[in-house]
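Undergrad: The structure that follows is given in the form of structure tokens.
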Amino acid sequence: PAPTPPSRPSARGLGFGMADEDPTEKFSLELETKQLGELQESRDELLSRVSHLKRDLQDWRFKLDTQVKSYRSELGDLRKTLNNEVTSLRDEFADLRNTLKQQLEATAEMAAEEAEEE
């Protein structure tokens with residue numbers, strides 16, 4: 001046999017102000033109302049905490065982005081300075097190489113002249 005569907009509660013069973021309410025139903029309704037209130041309060045606290053955590057995360061991301069931009073800028077400046085120093089050193093070495101080459105050529109000429117004189 002098929003189970004019978006549950007009967008719908010009457011207005012009396014829902015506690016709609018009937019004069020002859022069952023005390024057990026009234027207590028049960030008050031208990032459920034209290035539990036719902038506590039759950040709502042807990043939900044509100046959790047939503048508030050999540051909201052604060054989201055705000056903290058956004059602040060942290062903003063600070064991190066700012067630091068990254070600052071470091072990138074600083075690294076760019078350091079790279080430019082380093083490239084300028086390297087270019088300057090290359091120029092100085094090229095000048096030094098030319099000077100040494102000229103000195104060697106002059107020394108070789110002087111040695112050749114002395115050898116011819118002997």
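Each reported figure results from applying straightforward, stated rules to the coordinates on display, with no laboratory input. Predicted, not measured: the structure shown is a model, and the values here were computed from it.
Undergrad: Express in nm, to one decimal, how much length is gained between Glu25 and Asp56 on full extension, taking 0.36 nm for each residue of separation and deducting their alpha carbon distance.
TA: Going from the current span to full extension adds 6.6 nm.
Undergrad: Can you compute log10 of I(q)/I(0) for region 16-118 with the Debye formula, treating each Cα as one identical point scatterer, at q = 0.14, 0.25 Å⁻¹?
TA: Rounded to two decimals, the profile gives -0.87, -1.18.
Undergrad: Here's something else I'd like to know. Can you work out D for region 46-91 in µm² s⁻¹ from Stokes-Einstein, where Rh is the Kirkwood radius over C-alpha pairs, the temperature is 25 °C and the viscosity is 0.890 mPa s?
TA: 184 µm²/s
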